[in-house]
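This report concerns only the one structure given below.
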Amino acid sequence: MEFLTQSRRRGQYPQSGFDARFQDGPCAGIEECLPTVGPSGPETEGGPAPDHGDFWQLPWQLLAASDTHASMSALGFSRTLGFSKRLTLAHNLLRIAYTVENVGPTAQSFLYACHPLFAVSAGDRVLLPGEIRELRLDYSKGDRLGASGSIILWPATKSGIRLDVTLGPQVGTAEMFYTPRLQDGLCGIYREASAQVLEISFDTERLPYLGLWLCYGGWPSDGEEPRQYAVALEPTTSPSNNLANAQRTSTAISLEAGERCDWEIQFRVMEARALRPRFI
C-alpha cells in the first residue's frame with residue numbers, strides 16, 4: 001500500500017521565490033519545511049521567508065545513488081543555509097539523516113518541520129505517543145474546534161469528536177495542532193485496508209515537538225482545486241507555524257557562520273500486530 005499522497009496538480013509549478021504558494025506546488029510526498037512552515041514577513045529577524053520555506057520549490061542536486069542509498073543537497077535562497085540529506089533503505093526501514101549548515105558569514109536562524117503528507121481512508125488511525133493527552137490548536141477551518149491557541153483534548157475532544165480516527169474527503173475540515181514538548185519521539189498511521197502501520201521515530205533532543213495536520217478536503221481555504229485529503233505528522237524543532245513566531249518564543253535554531261546541525265528521522269512499515277505499546 002502507498003502511504004504517501006501523490007500529486008494531483010496539473011500544469012506548471014510556480015517559479016521559486018518569496019511569493020510562491022505551497023498550494024500551487026505538488027502538495028505530495030515528503031516536503032522539507034525550512035526555514036519556516038507558514039510564510040514569515042519582513043518583521044522576521046534575517047528577513048522574510050516564503051510559504052513552507054525554500055526547499056520544496058528548489059531542485060536538489062543528487063550526489064550519489066544506489067538501490068539502497070541516496071544523497072542530495074540544495075542551497076536556500078532566503079537564508080545562507082545549505083541543506084543535505086542521506087537516505088538509507090533496509091528492508092522495511094527508511095532512515096533519513098539531515099544536515100543544515102550556515103554557509104554564510106553571519107548568524108542565521110530557522111525552524112524545521114518534516115512535512116510528509118500521508119494518504120488515508122476513512123477509519124484509519126492516527127497514532128501519537130501515550131504521553132499525549134492534549135494538543136494546542138494552531139488552526140481550525142471556520143474555528144470548528146475553537147480559536148488558535150485553544151487546548152484540545154486527545155484523542156477525543158470534550159464534545160466527543162474522535163481526532164485519532166480519520167474522516168472522509170467530503171467532510172471539508174482542516175485542523176493544525178502541536179504537541180507539548182515530547183519525551184517520546186514516536187508517531188504513526190494505521191491503514192485499516194492493509195492492516196499495516198507506518199511508524200515515524202525521531203530524536204526529541206533535536207526535534208522536540210510534533211505538528212499534526214488533519215485535512216479532510218478543507219484546504220486550500222480559498223476553495224481552489226484540487227482539495228487536499230491527507231494527514232501530516234510533522235516532527236519539528238518548534239511548535240510555531242512560522243519563523244517569526246519561533247524567534248519570539250525562543251524555539252528557533254540559530255547557527256553561527258560555518259556551524260552545522262544534524263538530526264535523523266526513521267520511517268518503518270510493519271504489520272499492525274507489531275504495534276508498539278508506546279502508542280497506547
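Taking segment 37-47 only, how many residues are buried (at least 16 other Cβ atoms within 10 Å of the Cβ) and not aliphatic (A, V, I, L, M)? Step through it out loud before you land on a result.
So in segment 37-47, the residues buried (at least 16 other Cβ atoms within 10 Å of the Cβ) come out as 37-40, 44, 46.
Adding the requirement that they be not aliphatic (A, V, I, L, M) leaves 38-40, 44, 46.
Final tally of qualifying residues: 5.
Residue pairs whose Cβ atoms lie under 7 Å apart, sitting 6 or more positions apart in sequence or on different chains, and linking a residue in segment 41-53 that is of a type in the set (Asp, Glu) to a partner that is open to solvent by 30 Å² or more (accessible area, probe 1.4 Å), are 45/247; 51/21; 51/39. Inclusion of residue 11 among residues that are out of contact with any strand residue (DSSP E or B) (no Cβ under 7 Å at 6 or more places or on another chain), among the small types (Gly, Ala, Ser), open to solvent by less than 70 Å² (accessible area, probe 1.4 Å) and part of a loop (DSSP other than H, G, I, E, B) is warranted. Just wondering, is there one or more residues in segment 168-186 that are free of Cβ contacts under 8 Å to residues at least 12 places away in the same chain and of a type in the set (A, V, I, L, M, F, W, C)? Checked segment 168-186: no residue is free of Cβ contacts under 8 Å to residues at least 12 places away in the same chain and of a type in the set (A, V, I, L, M, F, W, C).
Screening residue 158 on (1) over 18 Å from residue 134 (Cβ atoms); (2) surrounded by fewer than 17 Cβ atoms within 10 Å (Cβ to Cβ); (3) not hydrophobic (A, V, I, L, M, F, W, C) shows it passes everything except condition (1).
Residue by residue, here is whether (1) in a loop (DSSP other than H, G, I, E, B); (2) of a type in the set (Val, Ile, Thr); (3) at positive phi; (4) modelled with pLDDT under 95 holds:
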residue	(1), (2), (3), (4)
171	yes, yes, no, no
176	no, no, no, no
182	yes, no, no, no
190	no, no, no, no
198	no, no, no, no
211	no, no, no, no
233	no, no, no, no
240	yes, no, no, no
268	no, no, no, no
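Give the residues of segment 200-209 that are outside any strand (DSSP E or B) and either among the small types (Gly, Ala, Ser) or in contact (Cβ under 8 Å) with a residue 12 or more places away in the chain (or both), sorted by residue number.
Initial filter on segment 200-209 (outside any strand (DSSP E or B)): 203-208.
Across segment 200-209, the qualifying residues are 203, 204, 206, 207, 208.
Taking the options 147, 122, name whichever one is open to solvent by 50 Å² or more (accessible area, probe 1.4 Å), free of Cβ contacts under 8 Å to residues at least 24 places away in the same chain and part of a loop (DSSP other than H, G, I, E, B).
On the way: 122 fails: free of Cβ contacts under 8 Å to residues at least 24 places away in the same chain.
Exactly one residue qualifies, and that residue is 147.
Out of all the residues in segment 63-86, which are surrounded by 15 or more Cβ atoms within 10 Å (Cβ to Cβ) and among the hydrophobic types (A, V, I, L, M, F, W, C)? Please lay out each step first, then the result.
Initially, segment 63-86 is screened for residues surrounded by 15 or more Cβ atoms within 10 Å (Cβ to Cβ), giving 70-86.
If the condition is that a residue be surrounded by 15 or more Cβ atoms within 10 Å (Cβ to Cβ) and among the hydrophobic types (A, V, I, L, M, F, W, C), then 70, 72, 74, 75, 77, 81, 83 are the ones that fit.
Considering 28, 74, 97, which residue is part of a loop (DSSP other than H, G, I, E, B) and aliphatic (A, V, I, L, M)?
Answer to the check: 28.
In segment 97-119, of all residues being surrounded by fewer than 22 Cβ atoms within 10 Å (Cβ to Cβ) and touching a Lys or Arg at 6+ places or on another chain (Cβ under 7 Å), the one that is farthest from residue 229 (Cα to Cα) corresponds to 101.
Within segment 14-25, take every residue that is in contact with a helix residue (DSSP H, G or I) (Cβ under 9 Å, 6 or more places away or on another chain) and in a loop (DSSP other than H, G, I, E, B) and give me the one that is modelled with the lowest pLDDT.
Among residues in segment 14-25 that are in contact with a helix residue (DSSP H, G or I) (Cβ under 9 Å, 6 or more places away or on another chain) and in a loop (DSSP other than H, G, I, E, B), the one modelled with the lowest pLDDT is 14.
A count restricted to segment 151-166 and to residues that are in a loop (DSSP other than H, G, I, E, B) and in contact with an Asp or Glu (Cβ under 9 Å, 6 or more places away or on another chain) stands at 4. Among the criteria (1) surrounded by fewer than 20 Cβ atoms within 10 Å (Cβ to Cβ); (2) under 22 Å from residue 267 (Cα atoms); (3) out of contact with any Ser or Thr (no Cβ under 8 Å at 6 or more places or on another chain); (4) touching a residue at least 60 places away in the same chain (Cβ under 8 Å), the one residue 189 does not fulfil is (1).
The values are calculated or read from the model by the stated rules, or taken from the named source; none is laboratory data. Being a predicted model, the structure only gives us computed values, none of them experimental. Note: ideal-geometry Cβ built from the backbone for every residue, glycine included; neighbour counts use all protein chains shown. Note: areas computed on protein heavy atoms with side chains; ligands, DNA, RNA excluded. Shrake-Rupley method; radii C 1.70, N 1.55, O 1.52, S 1.80 Å.
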